[in-house]
Amino acid sequence: MSVQRSTREHGPKEQILLSGNQAIARAAVEAGVSLVTGYPGTPSTYVIEDLLRTPDLGFRVEWSINEKVAFELATGVSWAGLRSLVTMKMSGLNVAADSFLSVQYSGATGGLVLYVADDPNVYYGMVEQDSRHYARLAVAPMLMPATPQEALDFTRFAFTLSEQIGRPVMIQGTTTLANTYELVNPGQIESIQREPSFEFNIAKYAKAGAAACVIQHQDTLKALERFGILTEDLNPLSVNGSKIGVIATGVTWNYLQEVLHRYRLKPSTLKVGVAHPLPTKKIEALLSKVDTVVVLEELEPFIEETVMALNGKMDHRVEVIGKIHGPLSRTGDYDVDVVASALGEVYREGIPQSQTARGVSEQAQDLKVKRLNTFCVGCPHRATYYALNQAIEKLGYKKHEVIITGDIGCTILGMNEPFQSCWTEISMGSSISLAQGFKYAGIKTPVVATIGDGTFFHAGIPALLNASHNKTNLTVIILDNHWASMTGMQPHVGSGDPSYAEEKQVIMVEGIVRASGIENVWRVNPYQTKRMIETVMDAVSSPEISVIISDAECAIQKRRRKKGGGFLKVKPEKCVGLEACEHSCIEVLGCPALGRSEDGKAFIDPSICTACGLCHHVCSYGAI
Amino acid sequence: MKQYDLVLSGLGGQGVMTISQVLAAAALRENVDVKLFEGTGITQRGGGVFSFVRFGGAYSPKIPVGEADAIICLEISEIASVISYLKQQGRVWTNTGKIHGYYTKLRPESYPAREEIEAMIRSRTSHLHMLPADKLAREAGSPQAVNMVLLGAFSSGNSLLKRESITWAIEETNKRFAQANLEAFRKGYEFAKNEEGV
């Protein structure tokens, strides 16, 4: 049984190994959705990837241009009476928030479930935000599964709940949940046969009247309350005679179970499966029976603050152990040791600390090899950032005289050695507007914005139009490798993906750029190094806004479609050796295919070299 | 079955996840409960990757520090990232092969010596198996199948799962490269088995 195949192929009563993300994908299948959409954002990416690899789903699954649009598509499906699932990472929720908050007030007809994946300990980059706060902000119900089985069951239930209360429902996941595989019991696959239709009701679906908006708000609060009643069982409370209580939510529940079983501890426990509205009655019931309560949750003291407030109503009779007064942290993720340590504060004799492992980890730290996150072999971005740095040098600027803003995706690897080109990274599309802002501040030296193609479509277009309209003197380099690569080479509106079954309109970056009125537009193959350097020099020297589209396909995608092709070789008789060379190919380019042979000369790994030619250009000894 | 916790580590692209999935599939074939946690990050672009495979009914997907029964490591320096998970006298199977990165290509002396790494492991356990897996994979005809070589070595020294379950899972996971992977697996199995007698 391959664990890569999942979702539709297995029926109920047959346990299958699923990850948290796969379980959510399965839930959408079981719920009979009509649409699953989102934007690539790890750790949520694999929900849609899994569905895209599953044949004969019978419903539409596709990536949207950004999370806001994805959410609006799902809203259309929901308001027409059918079910939909939207997936995104936490940064994506920030993008979709405007529509999400508005739709939460208007409501859902067909079940609308929003899966957002947070990333405690930031395995994948961006803000370590606690998206449970969105549930408060949006007056939105939110479920927090602890295991892949719960991810399946809660998400499945969420579609029903969404229809029962007439509101979108959030599912909160984390990296740990998404990347944990366990044996799961799938359920029956439901078939939804509904005629789509939409009613005219501006009091519900529009926001231009103040009174209507306030009424929508009131109705949403009532819907939230109903949700709390319908989901009481998702917060199991277990009170015994113990004076110690533990409240845990999400994956921390698993760590707690491990600690309790290992050390044979028996506190009273409350598992919080509903992040919003919190089960305040059950929290109060627990507090009334214990002297000490430990609150286990990753990131913010979201539950702990409510526990403190309820404790306040009881004259602070309970000692609360959590993050507000320590010892637990608001940053990073938890594991068994973190939970054991927290419980150790209460069960002082019950939990020994592991000392010997610490000694080894110190020794191990010294032996760790520092690794560089850089572009893949043959990546066109390597060629672009190399040319950019060269152009700046040839124009007579020192490295830190020219500000280069960076953006999300593979392009941001330009911030690392050996290029150290990108100075900033804020959010999707912000490279261009930040650059414009630097110019507005009066920075006299050139400012260059670098951005990928997927990112440009996602959010860069308004920023570019804004810069063009204001005739700001900027250089914008759009690194167009045709795919959303960092998240796993997903297609976007500019990708010509041959696997598309239907006709898709491929949208050209150059067309959009020219339509914005910018005249200095060049589309260059970055592997043509000399021409690329000259073009960047022209663009940077120009007193007008200039756009370079650095156009070459992602090397990994190219290789997948077309195996073979040549590789370059080092002529050892011409190579002066890596120590003697002033600007060695390895140092200047950092290409993983470049290595060091026994005699200290450069060496090219023929099994991975893609013959992009960059090292040939860089070598001043003609050795490649 | 009693609980058995296994940590796998290596660099992105070496196939740590593939053999983790193979082990999980093999466990399921024998009706052994299994939990798997994939510790990925920005690994495809040159970083380290690890996974936890927990057999026999664990609650947490993550293995506590100092509790793992064994470590399988595909690139020798990466053992440093996960050694603290190993229990005292736990077992280690590691490739002796190195993959150089940007910094160690420029300054090879900054790559830790094999002796240092070995000493660090031996301060925790005497059950250390070191394999020239790169060479064995090449001899098997698949230089990329270092992961399968290590899996073979693990299988020979471990009665956790039947060899047939693992070889079945290898075939199931990738039919196209099944023969190549099985050959690499066999090479690792034989090497480790012969080493036992030494």
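Where a number appears in this text, it was derived from the coordinates with a stated rule and is not lab data. From a predicted model like this one, the values you see are computed outputs, not experimental measurements. Ideal geometry is used to build each Cβ from the backbone, glycine not excepted, and the neighbour counts take in all protein chains shown.
A few remarks follow.
- Summarising the label geometry, the points placed 7 Å from Cα in the beta-carbon direction at B:LYS162 and A:LEU221 lie 6.4 nm from one another.
- Value of relative contact order over the stretch A:532-624, rounded to a whole percent, pairs C-alpha under 8 Å and six or more apart: 30 percent
- Evaluated with a Cβ-only charge set (Lys, Arg +1; Asp, Glu -1), chain A carries a dipole of roughly 400 debye about its Cα centre, given to the nearest 20.
- Global geometry of the protein assembly as shown, whether rounded, prolate or oblate, following the gyration tensor of its Cα atoms and the 1.5 cut on a/c: oblate
- Residue order, fewest to most beta carbons within 10 Å, for A:TRP253, B:TRP168: B:TRP168, A:TRP253
- Once the Cα-Cα distance is subtracted from the 0.36 nm per residue extended length, the A:GLU345 to A:ALA97 segment shows a gain of 85.4 nm.
- 20 °C / 1.002 mPa s Stokes-Einstein diffusion coefficient of the stretch A:170-218, Kirkwood radius on C-alpha pairs, µm²/s: 134 µm²/s
- For the stretch A:235-355, the Kirkwood estimate of hydrodynamic radius, built from reciprocal distances between every pair of different alpha carbons, is 14.2 Å.
- Between A:GLU284 and A:SER541, the simple label model (points 7 Å from Cα in the Cβ direction) yields a spacing of 7.6 nm.
- Simple rule: put +1 on each Lys or Arg Cβ and -1 on each Asp or Glu Cβ in the protein assembly as shown, find the dipole, and look at A:THR75, B:SER60, B:GLY15; the Cα lying farthest toward the positive end is B:GLY15.
- Projected onto planes of every orientation and averaged, the convex hull of the alpha-carbon atoms in the stretch A:7-232 covers 11.7 nm².
- For the stretch A:361-463, alpha-carbon Rg and Dmax in angstrom: 15.7, 51
- Entries of B:LYS135/B:LYS193; B:LYS62/B:LYS87; A:LYS394/A:LYS574; A:LYS370/B:LYS87; B:LYS2/B:LYS175; A:LYS243/B:LYS62 with Cα pairs more than 20 Å apart: A:LYS394/A:LYS574; A:LYS370/B:LYS87; B:LYS2/B:LYS175; A:LYS243/B:LYS62
- With 5 Å bins from 0: P(r) over the stretch A:492-619, alpha-carbon pairs, percent: 2, 9, 14, 15, 14, 13, 13, 9, 6, 3, 1, 0
- Helix A:210-230 vs. chain A, principal-axis angle (Cα, 0 to 90°, nearest 10): 70 degrees
- At least 18 Å along the helix axis (C-alpha) and Kyte average at least 0.5, DSSP helices within chain B: B:16-29
- Residues whose amide H falls under 5 Å from that of A:ALA484, counting only those 5 or more places apart or on a different chain, are A:GLN490, A:HIS492, with hydrogens built in the peptide plane.
- Rounded is the label for chain B. Its Cα gyration tensor axes, ordered a ≥ b ≥ c, give a/c under 1.5.
- Note on B:GLN89 and B:ARG107: the extension gain reaches 3.1 nm, defined as 0.36 nm multiplied by sequence separation minus the Cα-Cα distance.
- Anisotropy class of the stretch A:76-163 from Cα gyration tensor, a/c 1.5 cut: oblate
- Calculated from backbone phi, Karplus (6.51, -1.76, 1.60) coupling profile of the stretch A:301-307 in Hz, x at Gly/Pro: x, 4, 6, 4, 5, 5, 4
- Positive-end residue of A:THR45, A:ILE404, A:VAL184, charge dipole of chain A with Cβ unit charges: A:ILE404
- Dipole in debye (nearest 20) - the stretch A:7-232, about Cα centre, beta carbon charges: Lys, Arg +1; Asp, Glu -1: 460 debye
- Average projected area [Cα convex hull, the stretch A:434-536], square nanometres: 7.8 nm²
- Rh (Kirkwood; distinct C-alpha pairs) - the stretch A:444-484, Å: 10.9 Å
- Share of Cα-Cα pairs in the stretch A:564-624 lying beyond 20 Å, as whole percent: 13 percent
- For the stretch A:176-303, the Cβ-based charge dipole about the Cα centre amounts to some 380 debye (Lys, Arg positive; Asp, Glu negative; other atoms uncharged).
- Contact order normalised by residue count of chain A, Cα under 8 Å, 6+ apart, percent: 10 percent
- For the protein assembly as shown, the residue among A:VAL346, B:ALA140, A:ALA158 whose Cα projects farthest onto the positive side of the dipole built from Cβ charges is B:ALA140.
- Remark: spin-label model distance B:HIS127-A:TYR397 equals 6.0 nm, labels positioned 7 Å along the Cα→Cβ axis.
- Net charge in the neighbourhood of A:GLU510 (other residues with Cβ under 15 Å of its Cβ; Lys, Arg +1, Asp, Glu -1) is -2.
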